[in-house]
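Read through the structure below, which is laid out as structure tokens, and then see the notes.
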Amino acid sequence: MKFVKMHGAGNDYVFVDCFRQQVDTPERLAVAVSDRHFGIGSDGLVLIMPSDKADCRMRMFNADGSEGMMCGNAIRCVGKYFFENIDSTKTTITTETASGIKRLELTVVNGTVECVGVDMGRADFAVKNVPFVCDEDEFVASELTADNRTFNATVLSMGNPHCVVFVDDVDAFDVERYGRAIENNPLFPKRVNVEFVEIVDKDTIKMRVWERGSGCTLACGTGACASVAAAARNTLLPMDTEICVRLLGGDLWVKCASDYTMTMRGNAVEVFRGDY
């Protein structure tokens with residue numbers, strides 16, 4: 001199997017071109033290739049596939065083999081790969097995902113995609129669509145208990161489930177301990193991605209993420225969008241303003257429109273190619 005290792009803001013995946021080859025057991029393959037000691041090393045596996053609904057299709061598998069609905073960092077890399085290896089005639093492409101078709105805007109310099117903007121769709125605060133077990137229709141700035149600690153949390157979907165917690169000092173926060181506890185809270189029947197967010201100023205936030213099925217990662221594109229949407233909903237950040245989201249793997253830029261439609265832009269970097 002030929003593969004390409006790519007990352008967006010340090011969120012790294014093994015990508016397989018399924019226009020030219022076939023993967024029969026992606027769940028098992030994801031576990032094997034993601035191992036950073038005995039495999040290639042990644043946050044998961046992404047298949048770039050033909051689609052009858054869009055220019056291409058993305059299937060994304062977490063490091064534990066579970067299939068994800070959407071990944072904002074991986075989809076930027078899909079756009080880069082598609083332009084540079086499959087069809088270089090378009091700088092606007094559509095990608096089919098498990099959470100709908102996403103539109104990508106490619107910034108190309110001398111034939112190389114250096115930045116990708118993504119229409120990420122609308123942030124959805126309806127708890128039934130997360131899903132989250134709750135008596136209310138929404139769970140915004142409400143108390144959530146995990147590992148004997150109570151958090152002020154906001155729950156929403158970006159095509160996949162997110163729980164956003166605002167903290168005073170994200171660098172000093174125990175992301176692994178509380179991220180794991182919240183991910184596996186039975187109130188989230190399909191588990192959840194957890195973002196811990198510090199508001200730096202009106203244009204900037206710092207975010208650390210615990211990803212469902214992968215644990216601590218350097219970045220999460222849907223998580224960055226969820227964080228900005230939650231901050232806007234809690235009147236901590238302005239709407240219709242591009243916000244710099246500082247992650248361990250680099251920066252992403254996210255805008256929340258007045259109807260909670262989210263747009264995101266960031267890098268997409270090829271690391272190496274190989275055979276597995």
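The values are calculated or read from the model by the stated rules, or taken from the named source; none is laboratory data. The structure presented is a predicted model; accordingly, all values stated were derived computationally and were not measured. Because the Cβ atoms are built from the backbone with ideal geometry, glycine has one as well, and the counts that use them run over all protein chains shown. Heads up: the accessible areas ignore ligands, DNA and RNA and are worked out on the full protein's heavy atoms, side chains in. Shrake-Rupley method; radii C 1.70, N 1.55, O 1.52, S 1.80 Å.
Taking amide hydrogens as placed 1.01 Å from N in the peptide plane, the amide H of Asn193 sits under 5 Å from those of His162, Cys163, Arg212, each at least 5 positions away in sequence or on another chain. Here is the P(r) of the range 85-138: all C-alpha pair distances, binned every 5 Å from 0, give 4, 15, 19, 16, 12, 10, 8, 7, 5, 3, 0 in whole percents. Dipole size of the range 23-150 about its Cα centre, with +1 on Lys/Arg Cβ and -1 on Asp/Glu Cβ: approximately 440 debye, rounded to the nearest 20. Residues in the chain average 42 Å² of solvent-accessible surface per residue, probe 1.4 Å, ligands and nucleic acids excluded.
Across q = 0.17, 0.34 Å⁻¹, the range 51-94 modelled as identical point scatterers on its alpha-carbon atoms has Debye log10 I(q)/I(0) values of -0.52, -1.26, in the order of the q list.
Using the Cα centre as the reference, give the magnitude of the dipole from point charges on the C-beta atoms of the chain (Lys, Arg: +1; Asp, Glu: -1; all else neutral), rounded to the nearest 20 debye.
With only Lys, Arg, Asp and Glu charged at Cβ, the dipole is about 600 debye.
For the range 98-187, the spread of Cα coordinates along the three principal axes comes to 54, 33, 20 Å, biggest extent given first. Cα gyration tensor of the range 142-239, axes a ≥ b ≥ c as square roots of the eigenvalues: rounded (a/c below 1.5), prolate (a/b > b/c) or oblate? Taking the square roots of the gyration eigenvalues as a ≥ b ≥ c, the range 142-239 is rounded. Taking amide H atoms as placed 1.01 Å from N in the peptide plane, the amide H of Leu237 lies under 5 Å from those of Ala232, each 5 or more residues away in sequence or on another chain.
Against the longest principal axis of the chain, how steep is helix 72-81, in degrees 0 to 90 to the nearest 10, with axes from Cα atoms? That helix lies at roughly 10 degrees to the long axis. The spacing between the range 72-109 and the range 1-62, judged by their C-alpha centroids, is 15 Å. Which GluC sites (Glu not before Pro) in the range 120-192 sit in a loop by DSSP (not H, G, I, E or B) and have at most 12 other Cβ atoms within 10 Å of their own Cβ? Filter output for the range 120-192: Glu136. Which angle between 0 and 90 degrees, to the nearest 10, do you get for helix 221-233 versus the longest principal axis of the chain when only C-alpha atoms count? Helix 221-233 sits roughly 30 degrees off the main axis of the chain.
Only one of the listed values, [x] 53, 41, 40; [y] 49, 39, 34; [z] 75, 42, 34, was derived from the coordinates as Cα extents along the principal axes in Å; which label is it? After the calculation, the listed value that fits is [y].
By definition, a body whose alpha carbon gyration tensor gives a ≥ b ≥ c is prolate when a/c is 1.5 or more and a/b is larger than b/c, and the range 63-212 fits this prolate description. Computed on the range 1-111, the Cα convex hull volume stands at 101 Å³ per residue.
What order, most packed first, do the peptides 254-260, 88-94 have when packing is the mean number of other Cβ atoms within 10 Å of each residue?
Output ranking for 254-260, 88-94: 254-260, 88-94.
Electrostatic bookkeeping for Ala126 treats Lys and Arg as +1 and Asp and Glu as -1; over the other residues with beta carbon under 12 Å from its beta carbon, the sum is -2.
Helical content alone sets the calculated 222 nm signal of the chain at -4500 deg cm²/dmol, taking -39,500 (n - 2.57) per DSSP H segment of four or more residues and averaging over every residue. The string of couplings for the range 206-212 from the Karplus curve (6.51, -1.76, 1.60, θ = phi - 60°) is 10, 9, 10, 10, 10, 8, 4 Hz, one whole number per residue in order, with x for Gly and Pro.
Pairs exceeding a 30 Å alpha-carbon distance, out of Lys2/Lys128; Lys90/Lys190; Lys5/Lys128; Lys5/Lys53; Lys53/Lys128; Lys5/Lys206: Lys2/Lys128; Lys90/Lys190; Lys5/Lys128. The packing ranking of peptides 262-275, 10-23, highest mean first, is 10-23, 262-275, where packing means the average number of other beta carbon atoms within 10 angstrom of each residue.
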